[in-house]
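Each remark here refers to the structure printed beneath this line.
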Amino acid sequence: MENQKVDLKNLTLDQLQQFLLELGKEKYRAKQILHWIYQRNVTDFAEMTDLSKDFRLKLAEKAFVSSWYPETVEISSDGTKKYLFRLADGESVEAVRIPMDEGRATLCISTQVGCAMQCQFCLTGTFGLTRNLLPGEIVNQVCAALQDGPISNVVLMGMGEPLHNLDNVVAALKILFLDDGLGFGNRRITLSTSGLVPEIYRLAEQIKVRLAVSLNATTDEVRSRLMPINKRYPLKELMKACQEYARVTKQRVTFEYVLIGGVNDSLADAGRLVKLLHGVRSKVNLIVFNEYEGSEFSAPEEASIKAFQSYLLQREIVATRRASKGQDISAACGQLKGKLDGEQFQD
């Protein structure tokens, strides 16, 4: 049965080489196979014509190559596409393709089914954590979205906390980075975390990837209210880890700051943010809260957003404002899953 076989999309180059050695085959065949899978989008071993027929039959006995197609796609008037993927066990995850300028596109992908972090402003957090995604389940979101055209950048900012699934995420990143894999390179992929401090240090040791930290508050009191993980790893510890990550990787850390009306959008918050960032090679990505049904929070006033950004810019903090996309579809993390799974449950 297929589920007893090895899905080659779960394997890094080193793991695939070891798998082939156990089959009595040469290590160099691994790059050939990866090229077929990721460069030519071939999932049938019979089509891998530069491999011997006997080798292809042996692979078919021991392995398979998974392929994903979205169960549902919602398309916004601005071109944003929201994909819902149904997994083999019946669970579901989401990815979002966001059109950028000059024909570029960014893909936001998930790393877990649900999330255990319970951030109060995030719909996915209300689902709780069901399970981690395997490397192939992370990579397949990218493979599926590539069928709609090239992708310039990938962000691990969808459902789940990437560092809570560190081993599988690192394996997926190795596949995404590999020239014979999907060939993205570490400057085209960003990993977003709510702030798991020990895992930030581990990530710096294992692989080099752009890091984005979901900060969202400038005091431990407010951040602990919004993000329970702050009770375990308060701001002082988090900022120290970020400073070390920037030093080791020689990359700037992005701090994501979701502006919530009346909660964290004052000029006093902006002043504290400037102090927090002192000594950390960084930039700030301001995100206006995306309201959803049942949330206790609301988006801030436009004047507050502009004043907050201006305060940072005047103090030489690089502060960009993320453009809101997909407002007319279920584009926030968890919205499409919540809507469709809810409909299925009602049926």
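Only bridges whose two residues both fall in the chain count here: according to DSSP, what percent of them are antiparallel, nearest 5?
Numbers: 17 of 42 bridges.
So the antiparallel bridges amount to about 40 percent of the total.
Counting other C-beta atoms within 10 Å, which of ARG321, ARG210 has the fewest, and how do the rest follow?
On the way: ARG321 15, ARG210 19.
Going from least to most buried by this count: ARG321, ARG210.
Hey, which aspartates and glutamates would be in cross-link range of LYS62, C-alpha to C-alpha under 17 Å, not counting anything within fewer than 8 residues on its own chain?
By straight Cα distance, LYS62 reaches GLU2, ASP7, GLU22, GLU26, ASP44, GLU47, ASP54.
If you add up the charges near THR254, with Lys and Arg at +1 and Asp and Glu at -1, over every other residue whose beta carbon is less than 12 angstrom from its beta carbon, what do you get? Present the calculation step by step, with values, prior to reporting the outcome.
Details: positive: ARG210, ARG252, ARG281, LYS283, ARG322; negative: GLU256.
Result for the neighbourhood of THR254: +4.
If each DSSP helix of 4+ residues adds -39,500 (n - 2.57) and the sum is divided by the residues in the chain, what number results at 222 nm, nearest 500 deg cm²/dmol? List each step's numbers first, then the result.
Values: 11 runs with 117 residues, N = 347.
After summing the helix terms and dividing by the residues of the chain, the value is -10000 deg cm²/dmol.
Using Cα pairs under 8 angstrom and six or more residues apart, how large is the relative contact order of segment 1-81, in percent?
Numbers: 58 pairs, mean separation 27.1, N = 81.
This gives 33 percent for segment 1-81.
Amide H of ALA63: which non-local residues (sequence gap of 5 or more, or other chain) have their own amide H closer than 5 Å, using H built in the peptide plane?
Those qualifying (amide H under 5 Å, at least 5 residues apart or on another chain) are VAL6.
Highest first, please rank the peptides 161-172, 279-290 by the mean number of other Cβ atoms sitting within 10 Å of their residues.
Per-residue Cβ counts within 10 Å, averaged per peptide and sorted highest first, yield 161-172, 279-290.
In a shell of Cβ-Cβ distance under 14 Å around ALA241, excluding ALA241 itself, what net charge do Lys and Arg (+1) and Asp and Glu (-1) give? Let's see the in-between values first.
Working: positive: ARG202, ARG232, LYS236, LYS240, ARG247, ARG281; negative: GLU199, GLU205, GLU237, GLU244.
In short, +2.
For labels at ASP50 and TYR201 in the simple 7 Å Cα→Cβ model, what's the distance in nm?
Placing both labels 7 Å beyond Cα along the Cβ direction yields 4.4 nm.
Can you figure out the FRET efficiency of SER224 with LEU267, using R₀ = 22 Å and their beta-carbon distance, to the nearest 0.05? Walk me through the numbers on the way to the answer.
Values: r = 22 Å, r/R0 = 1.00.
E between SER224 and LEU267, to the nearest 0.05, is 0.50.
What list of ³J(HN,Hα) values in whole Hz, one per residue of segment 216-230 in order, does the Karplus curve 6.51 cos²θ - 1.76 cosθ + 1.60 (θ = phi - 60°) give from phi, with Gly and Pro shown as x?
Couplings: 6, 6, 10, 10, 5, 4, 6, 5, 5, 5, 6, 9, x, 4, 5 Hz.
Of the residues GLN251, GLN118, GLN206, which exhibits the maximal mean-square fluctuation in a Gaussian network model of the chain defined by a 10 Å Cα contact cut-off?
Of the options given, GLN206 has the highest mean-square fluctuation.
Report, in whole Å, the centroid distance computed from the Cα atoms of segment 279-304 and segment 1-61.
45 Å
Determine ³J(HN,Hα), in whole Hz, for all residues of segment 177-190 in sequence, where each value follows from phi through the Karplus function 6.51 cos²θ - 1.76 cosθ + 1.60 and θ = phi - 60°; x replaces Gly and Pro.
These are the phi-based 3J(HN,Hα) values: 6, 4, 4, 7, x, 8, x, 7, x, 6, 8, 10, 10, 10 Hz.
Which whole-number percent gives the relative contact order of segment 72-346, counting Cα pairs below 8 Å spaced six or more residues apart?
Details: 513 pairs, mean separation 48.4, N = 275.
Reported relative contact order: 18 percent.
Filter the cross-link list LYS27/LYS208; LYS9/LYS81; LYS5/LYS250 down to pairs whose alpha-carbon distance in this structure exceeds 29 Å. It would help to have the intermediate numbers written out before the result.
On the way: LYS27/LYS208 25 Å; LYS9/LYS81 24 Å; LYS5/LYS250 40 Å.
As for pairs spanning more than 29 Å Cα to Cα, those are LYS5/LYS250.
Please report the net charge: other residues with Cβ closer than 13 Å to the Cβ of ASN230, K and R +1, D and E -1.
So the environment of ASN230 carries a net charge of +2.
Using modelled backbone amide H atoms (1.01 Å from N, in-plane), which distant-in-sequence or interchain residues come within less than 5 Å of PHE255's amide H?
VAL213, LYS283, VAL284, ASN285
Taking a ≥ b ≥ c as the square roots of the eigenvalues of the Cα gyration tensor of the chain, is the shape rounded (a/c under 1.5), prolate (a/b larger than b/c) or oblate? Write down the numbers at each step before the final one.
Working: a/c = 2.11, a/b = 1.66, b/c = 1.27.
Prolate.
Each reported figure results from applying straightforward, stated rules to the coordinates on display, with no laboratory input. Please read all numbers here as calculations on a predicted model, not as lab measurements. Note that each Cβ is placed from the backbone with ideal geometry, even for glycine, and that neighbours are counted across all protein chains shown.
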